[in-house]
Amino acid sequence: MENTAWNNKKETVLYIIVPCYNEEQVLPVTSDSFLKELQQLIEKKKISSDSRIMYVNDGSTDKTWQIIKELSEKDSHFIGISQSRNRGHQNALLAGLMEAKDRCDVTITIDCDGQDSIEAMEEMIDAYDRGCEVVYGVRNARKTDSFFKRVTAQCFYRFIRLIGGDVIYNHADYRLISNRVLEEFANFGEVNLFLRGLIPLVGFESGTVYYERHERVAGRSHYSLGKMMGLAFDGITSLSIRPMRIISLIGLLVFFASLFGVIWIFVGALKGNTIAGWASMTIILCLLGGIQLLSIGVIGEYIGKIYLETKHRPRYIISERTYDRMD
Ligand code: UDP
Ligand code: MG
């Protein structure tokens, strides 16, 4: 399919995909700005009037789904799907992307809390019209993040790159993906989802758009330290096996070091000057014990992922839609 929005052959149908988990405080505030942006883009003839804002309710326990249903009754530009239970942000995004894939030319995924600046969408569409199949939204500052989040996030991106993962620095899940890329991405069947690392693997022409990250309009983040670490581990294990190689390398180094130690002790024993070195023994024991436990942990992490992948469980289950499904 050609990107022909500008020469009037075919208008681009855009689906804005917005995952929501317990966002009853946020939804009424940000839905207006989403709709305004969509209408502006339609007026400017950048997108077709068939474009939609698709909310993905990720098994919320508050009034989120009810609010989405009300929005869809009020304005036909709003539609929604609901997951049968909470499965996490990445799976909610996947559900939305796969649902939208056959209905539109291009998708933009964005959080519903107003943190990602909505105005960047126009630039993304422009980049798509210039031929980009994927456009990454990149934060140009992290002023609104806490010092802790800023530092941990930076370490994370650096580490992923170090182990060979292809991630865009300071890009989260605010991005445009064309349906051509989604078609190919649908063949990536993994359960261990880390979209910001997987989409670059699909390839195709890509671009970046810079934007300012704001504060949440209401409510609070669902990413606790534990969830953030979970995502980080998922990212690392889904993109690279280099940590296991590093372990093998450490094992090799320790092996050679101990070979040297054995010879040294043997020669010492032959000479008859063996020493009662409790401290050095204990240090070596602790060090080796530590390295071994860490190594088993890392290997276990990968085995755990293999275990989950072999089950082939569905990655999302849509239980309700605000529209009739067309297959
Ligand atoms: N979210 C989701 N399922 C979850 C957790 C979060 O769909 O289990 C959604 C949430 O509603 C929001 C987006 O994912 O639209 C990002 O979450 P949040 O703002 O809590 O994360 P942060 O911006 O702090 O990283
Ligand atoms: Mg947020």
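Quick check on my filter: what residues within region 225-265 are small (Gly, Ala, Ser), part of a helix (DSSP H, G or I) and closer than 15 Å to residue 163 by Cα?
Selection gives 232, 235, 238, 248.
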Notebook entry, point to check: Taking region 69-103 as the search range and keeping residues that are assigned to a helix (DSSP H, G or I) and touching a Leu at 6+ places or on another chain (Cβ under 7 Å), which one is surrounded by the fewest Cβ atoms within 10 Å (Cβ to Cβ)?
Noted result: 90
Next item on the list: Could you check, for region 39-59, whether at least one of its residues is within 17 Å of residue 318 (Cα to Cα) and among the hydroxyl-bearing types (Ser, Thr, Tyr)?
Entry: yes
Notebook entry, point to check: Inside region 151-190, can you point out the residues that are within 26 Å of residue 104 (Cβ to Cβ), touching a Lys or Arg at 6+ places or on another chain (Cβ under 8 Å) and not charged (D, E, K, R)?
Noted result: 167, 168, 171, 172, 179, 182, 186
Notebook entry, point to check: Using beta carbons and a limit of 7 Å, which pairs, at least six apart or on different chains, have the first residue in region 213-224 and under 17 Å from residue 63 (Cα atoms) and the second one near ligand 1 (Cβ under 10 Å from one of its atoms) and of a type in the set (Val, Ile, Thr)?
Noted result: 218/26; 219/26
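Here's the yes/no breakdown for (1) closer than 27 Å to residue 298 by Cβ; (2) modelled with pLDDT of 80 or more; (3) not hydrophobic (A, V, I, L, M, F, W, C):
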residue: 250; (1), (2), (3): yes, yes, no
residue: 253; (1), (2), (3): yes, yes, no
residue: 259; (1), (2), (3): yes, yes, no
residue: 267; (1), (2), (3): no, yes, no
residue: 272; (1), (2), (3): no, no, yes
residue: 277; (1), (2), (3): no, no, yes
residue: 282; (1), (2), (3): yes, yes, yes
residue: 288; (1), (2), (3): yes, yes, no
Checklist line | Any pair with Cβ under 8 angstrom, 6 or more apart, that starts in region 309-320 at a residue that is closer than 18 Å to residue 237 by Cβ and ends at one that is surrounded by 10 or more Cβ atoms within 10 Å (Cβ to Cβ) and acidic (Asp, Glu) | finding: 309/190
Check: Can you name every residue in region 149-178 that is touching an Asp or Glu at 6+ places or on another chain (Cβ under 8 Å), over 26 Å from residue 309 (Cβ atoms) and not aliphatic (A, V, I, L, M)?
Finding: 174, 178
Next item on the list: Name the residue, out of 48, 76, 33, that is farther than 23 Å from residue 195 by Cβ and within 16 Å of ligand 2 (Cβ to nearest atom).
Entry: 33
Check: of a type in the set (Asp, Glu), more than 16 Å from ligand 2 (Cβ to nearest atom) and at pLDDT 95 or above: does that describe residue 70?
Finding: yes
Next item on the list: Starting from residues that are basic (Lys, Arg) and not in a helix (DSSP H, G or I), keep the ones in region 291-315 and report whichever is nearest to residue 94 (Cα to Cα).
Entry: 315
Note to self: What pairs come out if I take residues in region 86-107 that are on the phi < 0 side of the Ramachandran plot and within 16 Å of ligand 2 (Cβ to nearest atom) and pair them with residues that are modelled with pLDDT of 95 or more and of a type in the set (S, T, N, Q) whose C-beta lies under 6 Å away, six or more apart or interchain?
What the structure shows: 93/109
Checklist line | Verdict on residue 112 being touching a residue at least 40 places away in the same chain (Cβ under 8 Å), more than 14 Å from residue 12 (Cβ to Cβ) and touching an Asp or Glu at 6+ places or on another chain (Cβ under 9 Å) | finding: yes
Check: What are the residues in region 207-256 that are more than 16 Å from ligand 2 (Cβ to nearest atom), within 14 Å of the chain's Cα centre (by Cα) and surrounded by 14 or more Cβ atoms within 10 Å (Cβ to Cβ), if any?
Finding: 232, 233, 234, 235, 236, 237, 238, 239
Next item on the list: Any residue in region 253-272 that's over 14 Å from residue 288 (Cβ atoms): show its pairings with residues that are not in a helix (DSSP H, G or I) at Cβ separation under 7 Å, as long as the two are six or more apart or on different chains.
Entry: 268/274
Margin query: Which of the numbered conditions does residue 69 fail, given that it passes all the others? Conditions: (1) more than 16 Å from ligand 1 (Cβ to nearest atom); (2) touching a helix residue (DSSP H, G or I) at 6+ places or on another chain (Cβ under 7 Å); (3) not acidic (Asp, Glu).
Written below: (2)
Check: Out of region 126-182, which residues are of a type in the set (Phe, Trp, Tyr), surrounded by 21 or more Cβ atoms within 10 Å (Cβ to Cβ) and either over 25 Å from residue 237 (Cβ atoms) or at pLDDT below 85 (or both)?
Finding: 128
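The values are calculated or read from the model by the stated rules, or taken from the named source; none is laboratory data. Nothing here was measured: the structure is a model prediction, and the numbers come from that model. When we count neighbours, we look across all protein chains shown, and the Cβ atoms used for this are built from the backbone with ideal geometry, even at glycine.
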